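Student: Got a structure for you, written out below as structure tokens; questions coming shortly.
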């Protein structure tokens, strides 16, 4: 008996050591570059420190107060929400419509699919650059449209009101095709017999769409909206390449761009950390809500 | 009325000509809008400087100015940028896949007390925004004297929960009999992983690796922070700095083509794996 326990312990020990050896490369890296930064960010957010000098003093909640009473912050948070909501709503609506078209056994589906994902795999920094040109009222293709209308088009990037919408347009362009492929995949799994039954009931395509397709597609809509929203509030590349928050800062700045500016241009490590901690709380809360609400709102069928 | 119904009806059905026309019109318009940025980038990169400045802009270059590509190549050290992007991207991707293989196998196959909690801790890192880690990781890297080295671009991204998650899902579908048989033959875990499981998972590995490489290639914020010297920049960062001193749009667009063309080529060549990798697990998630 004793010998058997000893043997099984020996075997278990070998298994456990193998397990630890297999998971340790990732766990060590996660500890260093993910778990520790969370703790350290929280710590830094209570410190007055500008990255350049020796460690500063403990200042309680002063950094949070500084960051969130900053007059720029309202614009930055407002911009981030406008950007994320606009990209999610516009891109989803267009993508859904596109998926409905693609679902009609059209020719050239393969070609279209290739094209639809292409913006998603394109380096955002490069895409942002060509969009500067596309939106230029003199150099871009839109000048044809402005010419036809007999007006001079707006300089999106030189306008504090419009610069954010230039950023939104790239966000939509990158998201539409991507989302449409997900919607199409969802549409293709919908049960045919439901539609046959519905056709006996009603003549109205709109009613079928409203009461059958939309509820059945709600999990996909929900999933894409939340993941799209979380991705959108992290927007940085486009802002950095296109406007750097301008034309007059922070007209088109977003949360992460502001964070970058605080930390790496103004070297306010403490303030930036407070800003980062709040961002962490927000994104984790949204992800948590995602799971909660999914159960309540979303129709998953039976 | 009948046409009306055909247009809006969702279920695929035999369509009549006007509605089919509308569908194609919608698709062609969408395709044009999706493709326009690529077209304009390529078009501008081939225009002469005079043609770029012309108003209204032309939709086809009067003469193809291929020398823009030579000028762009000389305007910034693109050869070096390519080496940096390829080396650090390939290294980080390889490590991500190797580490994920080991970890996913351990979670799926090896017994260990409290395994579930560790798995949860790993999966939950996917919720943590990278942006939150910028300041602490920068400080850590500067302590290690890794700022402005390849290590900064390779090691922190080498651990990622996404490939672990995808591979773990896949490994759980491997029949246990197969593993038991291998065990009886006296094979250790590492041998089973390398000789049996990994080869079986090759399609999943390819898809996961492509997504990882895509992420490295297009990454902007992290390399922007941890590279200072020109020779350490990756392609997107190099392009970003070129933009600041280069006023000629044709040269900039040629440079942008340099940045995107390898990834577009890879995508077109391995489209199925790309799409599978990006969508895998997402809808189940």
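A short reminder: the numbers here are calculations on the coordinates, not readings from a lab. Treat the numbers as computed from the prediction; the structure is a model and nothing was measured. When we count neighbours, we look across all protein chains shown, and the Cβ atoms used for this are built from the backbone with ideal geometry, even at glycine.
Student: Which whole number in µm²/s is D for the stretch B:111-187 by Stokes-Einstein, with the Kirkwood Rh taken over Cα pairs at 37 °C and 0.692 mPa s?
Tutor: The estimated diffusion coefficient comes to 209 µm²/s.
Student: Quick check: residue separation of residue B:24 and residue B:83 times 0.36 nm, minus the Cα distance between them. What number comes out in nm?
Tutor: Numbers: separation 59, 0.36 × 59 = 21.24 nm, distance 4.32 nm.
Here the answer is 16.9 nm.
Student: Next question. Calculate the spin-label point distance for residue A:203 paired with residue B:98, positioning each point 7 Å from the Cα along the beta-carbon direction, and give it in nanometres.
Tutor: In this crude label model, residue B:98 to residue A:203 measures out at 6.9 nm.
Student: I've got another one for you. Average the reciprocal distances over every distinct pair of alpha-carbons in the stretch A:116-201, invert the result, and give the Kirkwood radius in Å. All intermediate terms of the calculation are to be shown ahead of the outcome.
Tutor: Numbers: mean 1/r = 0.0633 Å⁻¹.
About 15.8 Å, per the Kirkwood formula over Cα pairs.
Student: Any chance you could run the full-extension gain for residue B:64 through residue B:173? It's 0.36 nm times the residue separation minus the Cα-Cα distance, nm to one decimal. The partial results should precede the final answer.
Tutor: Numbers: separation 109, 0.36 × 109 = 39.24 nm, distance 5.44 nm.
Computed gain between residue B:64 and residue B:173 is 33.8 nm.
Student: Another question about this same structure. What Kirkwood radius, in Å to one decimal, follows from the Cα pairs of the stretch B:59-151? It would help to have the intermediate numbers written out before the result.
Tutor: Details: mean 1/r = 0.0555 Å⁻¹.
Across the stretch B:59-151, the inverse of the average 1/r is 18.0 Å.
Student: Using a/c under 1.5 as the rounded threshold, could you call chain A rounded, prolate or oblate? The axes a ≥ b ≥ c are square roots of the C-alpha gyration tensor eigenvalues, and prolate needs a/b larger than b/c, oblate otherwise.
Tutor: Numbers: a/c = 2.17, a/b = 1.11, b/c = 1.96.
Verdict is oblate for chain A.
Student: Evaluate the Debye formula for the stretch A:213-253 with equal point scatterers sitting on the alpha carbons, no solvent, and hand back log10 of I(q)/I(0) at q = 0.14, 0.18, 0.27, 0.33 Å⁻¹, in q order, two decimals.
Tutor: Summing over Cα pairs of the stretch A:213-253 leads to -0.48, -0.60, -0.84, -0.98.
Student: What's the average, rounded to a whole number, of partner chain beta-carbon atoms within 10 Å of each residue's beta-carbon in A:12-23? Mind dumping the intermediate values first?
Tutor: Numbers: counts 3, 0, 2, 6, 4, 2, 10, 13, 3, 5, 14, 14.
Per residue, the average neighbour count from other chains is 6.
Student: Express the Stokes-Einstein translational diffusion coefficient of chain B in µm² s⁻¹, to the nearest whole number, given a Kirkwood radius over alpha-carbon pairs, 4 °C and a viscosity of 1.567 mPa s.
Tutor: Numbers: Rh = 22.8 Å.
The diffusion coefficient I find is 57 µm²/s.
Student: Kirkwood Rh, Cα Rg: Rg to Rh for the stretch A:128-280? It would help to have the intermediate numbers written out before the result.
Tutor: Numbers: Rg = 21.5 Å, Rh = 18.9 Å.
Answer for the stretch A:128-280: 1.14.
Student: As an exercise, find the ratio Rg/Rh for the stretch B:90-242 from alpha-carbon atoms, using the Kirkwood inverse-distance average for Rh. Could you put the intermediate results ahead of the total?
Tutor: Working: Rg = 18.2 Å, Rh = 17.3 Å.
Radius of gyration relative to Kirkwood radius: 1.05.
Student: Taking R0 as 25 Å, what's the FRET efficiency between residue A:161 and residue A:70 from their Cβ-Cβ distance, rounded to 0.05? Working shown, then result.
Tutor: Working: r = 21 Å, r/R0 = 0.85.
With a Förster radius of 25 Å, E is 0.70.
Student: Now, a different point. After finding the eigenvalues of the alpha carbon gyration tensor for the protein assembly as shown, what semi-axes result from the square roots of 5 times each, listed largest first in whole Å?
Tutor: Details: eigenvalues 320, 239, 124 Å².
The answer is 40, 35, 25 Å, longest axis first.
Student: Per-residue Cβ counts within 10 Å, from other chains only, averaged over B:54-60: what number is that? Mind showing how you got there, number by number?
Tutor: Values: counts 2, 5, 8, 9, 0, 2, 0.
Per residue, the number of nearby Cβ atoms from other chains is 4 on average.
Student: Considering Cα pairs under 8 angstrom that are at least six residues apart, work out the relative contact order of chain A and quote it in whole percent. It would help to have the intermediate numbers written out before the result.
Tutor: Details: 315 pairs, mean separation 87.2, N = 302.
Relative contact order, chain A: 29 percent.
Student: Which value in nm describes the separation of the simple spin-label points at residue A:110 and residue A:12, placed 7 Å from the Cα toward the beta carbon?
Tutor: 5.6 nm
Student: Another question about this same structure. Take the alpha-carbon centre of the stretch B:142-191, take the same for the stretch B:198-254, and report the distance between them in whole Å.
Tutor: The distance from the Cα centre of the stretch B:142-191 to that of the stretch B:198-254 comes to 24 Å.
Student: Can you give me the relative contact order of the stretch B:166-244 as a percent, contacts being Cα pairs under 8 Å and 6 or more apart? Don't jump to the answer; show the numbers that get you there.
Tutor: Values: 20 pairs, mean separation 19.4, N = 79.
The value is 25 percent.
Student: Using alpha carbon centroids, what distance separates the stretch A:35-100 and the stretch A:230-298, in Å?
Tutor: 4 Å
Student: Next question. If you take the square roots of the eigenvalues of the alpha-carbon gyration tensor of the stretch A:62-159 and sort them as a ≥ b ≥ c, do you get rounded (a/c under 1.5), prolate (a/b over b/c) or oblate?
Tutor: Note, shape of the stretch A:62-159 comes out oblate.
Student: Right, another one. Given springs between every Cα pair under 10 Å in a Gaussian network model of chain B, which of B:122, B:147, B:164 has the largest fluctuation?
Tutor: The residue that fluctuates most here is B:122.
Student: Take every Cα pair under 8 Å in the stretch B:72-279 that's 6+ residues apart, average their separations, divide by the length, and report that relative contact order as a whole percent.
Tutor: On the way: 170 pairs, mean separation 74.9, N = 208.
Worked out over the stretch B:72-279, it gives 36 percent.
Student: Could you order the peptides B:197-208, A:68-79 from most to least packed, using the average number of other C-beta atoms within 10 Å per residue?
Tutor: Ranked from most to least packed, the peptides come out as B:197-208, A:68-79.
Student: Modelling each spin label as a point 7 Å along the Cα-to-Cβ direction, I'd like the residue B:228/residue A:291 distance in nm, to one decimal.
Tutor: 4.2 nm
Student: Grab the Cα-Cα distance for residue A:222 and residue A:244, subtract it from 0.36 nm times how many residues apart they are, and report the gain in nm with one decimal.
Tutor: Working: separation 22, 0.36 × 22 = 7.92 nm, distance 3.15 nm.
Using 0.36 nm per residue and subtracting the Cα-Cα distance, I get 4.8 nm.
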